[in-house]
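The next block holds one structure in the form of structure tokens; read it before the comments.
The values are calculated or read from the model by the stated rules, or taken from the named source; none is laboratory data. Bear in mind the structure is a predicted one, so any value in this text is a computation, not a measurement. Here the Cβ is made from the backbone with ideal geometry for all residues, glycine too, and neighbour counts use every protein chain on show.
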Amino acid sequence: MRREKKPVQYWGSWIDCNTAEAALSRFRSAPDVPAELIITANTHGGEKRADPLLPEIEAPMPTLAEQERLTVGFANRALGGTVPDRRIRYYVLGAGEMRETTAWPPPESQRYRLYLDEFRSLDGRPPAPGLDSYEVDASASTGASNRWCWIDRPSYPDRRDEDRRLLTYDSGPFDEDRLLVPGITIG
């Protein structure tokens, strides 16, 4: 792919296993390759939206017809010799909209580091050094309709009781929109 520099189109979903991160990794690893990346919050087949922050909306974004138009249009342009601009279209969880950027993370985003603290929460202040231990509770579960077991549409109802049996870290609500890019830095 890098040697030939042929145009490529990648699709991924924030909700479908690790497909969004895999597509972003491909995009970043070949900066000279003309690439179009589309990240949705749809189920594996793209036929339903699975945004956990908007559970009442099932219509996929983009729609199936738009997915087909984007895929076929890209192929036709590439076969016709048109080199696409490198760009990423991504769905914003909870906002129900697509945005576009040419780099990841988007240039306008700011880094915001969250630390694990002694109260099993995420905080912007570095904590004192410490250690959390957890004895695995094999009966704890993500439920029968999680993203690994339920291809149609995952569902995550109120998790508070189950989370008490797991090692979890939660933040409070943010006072403004934030782009959270997963990653762990150990130093």
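Some observations on this one:
- For the range 1-29, the set of residues classified as of a type in the set (K, R) and either on the phi > 0 side of the Ramachandran plot or in a helix (DSSP H, G or I) (or both) consists of K5, R26, R28, listed by residue number.
- Residue pairs whose Cβ atoms lie under 6 Å apart, sitting 6 or more positions apart in sequence or on different chains, and linking a residue in the range 89-114 that is under 18 Å from E21 (Cα atoms) to a partner that is among the acidic types (D, E), are R89/E100; L93/D51.
- Count of the range 134-187 residues which are loosely packed, with under 11 Cβ neighbours inside 10 Å, β-branched (V, I, T) and modelled with pLDDT of 65 or more: 1
- Test: residue in the range 79-87 that is over 19 Å from the mean Cα position of the chain (by Cα) and part of a helix (DSSP H, G or I): yes
- Among the candidates A78, A22, A59, A95, residue that is over 30 Å from F174 (Cβ atoms), surrounded by fewer than 18 Cβ atoms within 10 Å (Cβ to Cβ) and not β-branched (V, I, T): A78
- Test: residue in the range 108-125 that is out of contact with any Ser or Thr (no Cβ under 9 Å at 6 or more places or on another chain) and under 20 Å from L53 (Cα atoms): no
- Residues satisfying the stated conditions in the range 43-76, i.e. of a type in the set (D, E, K, R) and modelled with pLDDT under 95: E47, K48, R49, D51, E56, E58
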